[in-house]
Amino acid sequence: MSEQSHDQKLAEFESRIAAGDKIEPGDWMPDEYRQNLIRMIGQHAHSEIVGQLPEGKWIPYAPGFRRKLILLAKVQDEAGHGQLLYRAAETLGKSREDMMDELLSGKAKYSNVFNYPTPTWADVGVIGWLVDTAAVINQTMLAQGSYGPYARAMKRICYEESFHIKQGYDAVVALAKGTPAQRAMAQDAVNRWWYPTLMMSGPPDKMSEHTARAMRWRIKTKTNDKVRQEFVDHIVPQIRALGLNVPDPDCKFDEKSGHYRFTAPDWDELRRVVNGDGPMNKERLAARRKAHEDGLWVREALAEKAKRNHVA
Amino acid sequence: MTDTQWETYEVFHQSRRGRPHEHVGSVHAPDPEMALQMARDQFARRLECVSIWVVRTKDVTQTDYQDPNFFSRSFDKSYRDPKGFNAPAKIEPSSDPE
């Protein structure tokens with residue numbers, strides 16, 4: 001095979017992407033593409049793993065056996081999604097163990113949204129409804145991305161996340177149809193999750209440096225602002241249909257653009273929370289470390305069993 | 001620190017008898033038996049599944065995306081395809097060759 005120059009390879013890579021073709025492990029790819037995806041898929045995987053914690057706390061206290069089973073299934077899904085994503089990142093040459101170490105040491109970042117507390121049962125419903133709707137809108141976009149293993153993982157995950165949204169919505173409807181205290185509880189949760197959920201789609205386009213390149217290489221297929229707007233347009237009518245309020249007096253439908261206008265979240269808060277200084281960052285990492293240490297005997301037992309079977 | 005890495009196994013999933021086993025992803029596991037358990041937990045939590053195969057990733061031999069020649073056709077092989085033929089459905093009777 002004749003040796004191509006870097007520019008030739010890059011041109012071939014970009015034309016493949018422009019044609020809507022997927023990039024597969026083993027294909028030549030620019031190092032920036034590889035590193036960008038490793039970072040992004042790793043952060044996504046960590047978010048799923050840490051994402052078990054805010055709701056997992058409610059498993060022992062879920063109101064009724066059915067809600068408990070639903071929540072268990074949901075949290076198990078998050079663990080599964082984390083593992084799927086670690087595998088997708090590994091196809092780019094980074095080991096799961098390395099990523100795990102980076103998460104536990106606090107070096108890796110993950111979604112801002114899991115660093116807020118879940119003081120009431122309504123938080124479980126509102127996370128499933130608002131946070132997972134925002135996640136599905138983002139992940140549907142990522143499923144159109146150029147890297148084959150990530151896009152495939154996204155398809156499977158979106159399918160399962162649609163159950164997460166349904167169960168969250170169902171739990172919120174139960175509260176919205178309930179006593180004044182239950183309605184107030186639902187409203188309070190919507191108030192607390194609104195801005196963190198808006199932040200999930202990432203910094204605004206004008207502050208996000210790599211957007212143009214990420215779009216050209218189809219690492220993303222829509223910008224952060226576009227994804228955020230899609231979420232707002234989708235969720236505001238739903239919130240109001242339940243007789244709940246969007247905690248933003250300026251959130252209004254704009255006839256001219258066909259979109260809802262809304263107040264931008266505090267981007268400084270997003271930066272702080274993602275960099276480790278949110279209300280629950282320390283607790284989340286401590287819980288992850290403890291789970292990892294508590295699981296050590298299981299890993300050791302499995303390794304020992306595999307060794308013995310191998311000898312026999 | 002204990003190795004949490006383990007080997008990886010490719011997972012093939014059959015949703016119903018009569019259907020092919022399809023590749024759905026891969027799992028980390030210390031041995032094939034655990035790989036089946038992990039694969040069930042990961043890929044058969046809700047979708048229909050009647051059978052799973054697991055294969056050590058390192059035992060899979062694959063073609064190279066970088067080798068454009070492997071699948072290239074040296075000449076027109078459209079005759080291998082039903083669309084490669086255009087015999088008409090009806091023909092005019094030909095006169096007997098005398």
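Quick check on this structure: which one of A:Arg288, A:Arg261 is over 20 Å from the mean Cα position of the chain (by Cα) and at negative phi?
Result of the check over A:Arg288, A:Arg261: A:Arg261.
Mind listing whichever residues of segment B:75-93 are part of a loop (DSSP other than H, G, I, E, B) and open to solvent by 100 Å² or more (accessible area, probe 1.4 Å)?
B:Phe75, B:Asp76, B:Phe85, B:Asn86, B:Ala89, B:Lys90, B:Ile91, B:Glu92, B:Pro93
Take B:Tyr65 and decide whether it is farther than 30 Å from A:Lys305 by Cα, more than 10 Å from every other protein chain (Cβ to nearest Cβ), touching a Phe, Trp or Tyr at 6+ places or on another chain (Cβ under 9 Å) and among the aromatic types (Phe, Trp, Tyr).
Judged against the criteria, B:Tyr65 is not a match.
Give the residue that is modelled with the lowest pLDDT, with candidates limited to residues of segment A:172-218 that are of a type in the set (Val, Ile, Thr) and surrounded by fewer than 22 Cβ atoms within 10 Å (Cβ to Cβ).
A:Thr211
So the check is Cβ under 6 Å with 6+ separation or different chains; which pairs have a first residue in segment A:1-30 that's free of Cβ contacts under 8 Å to residues at least 60 places away in the same chain and a second one that's open to solvent by 60 Å² or more (accessible area, probe 1.4 Å)?
Going by the 6 Å Cβ cut-off, the qualifying pairs are A:Lys9/A:Trp28; A:Gly26/B:Tyr65; A:Asp27/B:Tyr65.
Please determine, by comparing only the residues of segment B:5-33 that are open to solvent by 60 Å² or more (accessible area, probe 1.4 Å) and within 17 Å of B:Glu48 (Cβ to Cβ), which one is nearest to the other protein chains (Cβ to nearest Cβ).
My answer is B:His23.
If I go through segment A:115-171 residue by residue, how many of them are open to solvent by 30 Å² or more (accessible area, probe 1.4 Å) and within 14 Å of chain B (Cβ to nearest Cβ)?
Counting residues in segment A:115-171 that are open to solvent by 30 Å² or more (accessible area, probe 1.4 Å) and within 14 Å of chain B (Cβ to nearest Cβ) gives 7.
For segment A:262-277, what are the residues that are assigned to a loop (DSSP other than H, G, I, E, B) and either aliphatic (A, V, I, L, M) or out of contact with any Pro (no Cβ under 9 Å at 6 or more places or on another chain) (or both)?
Within segment A:262-277, A:Phe262, A:Ala264, A:Asp266, A:Asn275, A:Gly276, A:Asp277 meet the criteria.
Can you name every residue in segment A:274-300 that is away from chain B (no Cβ under 13 Å) and among the β-branched types (Val, Ile, Thr)?
Of everything in segment A:274-300, just one residue is away from chain B (no Cβ under 13 Å) and among the β-branched types (Val, Ile, Thr), namely A:Val274.
Identify the residue in segment A:1-33 that is of a type in the set (Asp, Glu) and within 14 Å of chain B (Cβ to nearest Cβ) and, among all such residues, is surrounded by the fewest Cβ atoms within 10 Å (Cβ to Cβ).
Among those residues, the one meeting the criterion is A:Glu3.
Anything in segment B:34-57 that is open to solvent by 50 Å² or more (accessible area, probe 1.4 Å), over 19 Å from A:Asn309 (Cα atoms) and either modelled with pLDDT under 95 or not in a loop (DSSP other than H, G, I, E, B) (or both)? List them, or say none.
Passing the criteria: B:Arg40, B:Asp41, B:Arg45, B:Arg46, B:Leu47, B:Glu48, B:Trp53.
The values are calculated or read from the model by the stated rules, or taken from the named source; none is laboratory data. Just so we're clear, the structure is a prediction, and the values are computed from it rather than from any experiment. Quick reminder, even Gly has a Cβ in these numbers, built from the backbone with ideal geometry, and neighbours come from all protein chains shown. For accessibility, only protein heavy atoms count, side chains too; no ligands or nucleic acids. Shrake-Rupley method; radii C 1.70, N 1.55, O 1.52, S 1.80 Å.
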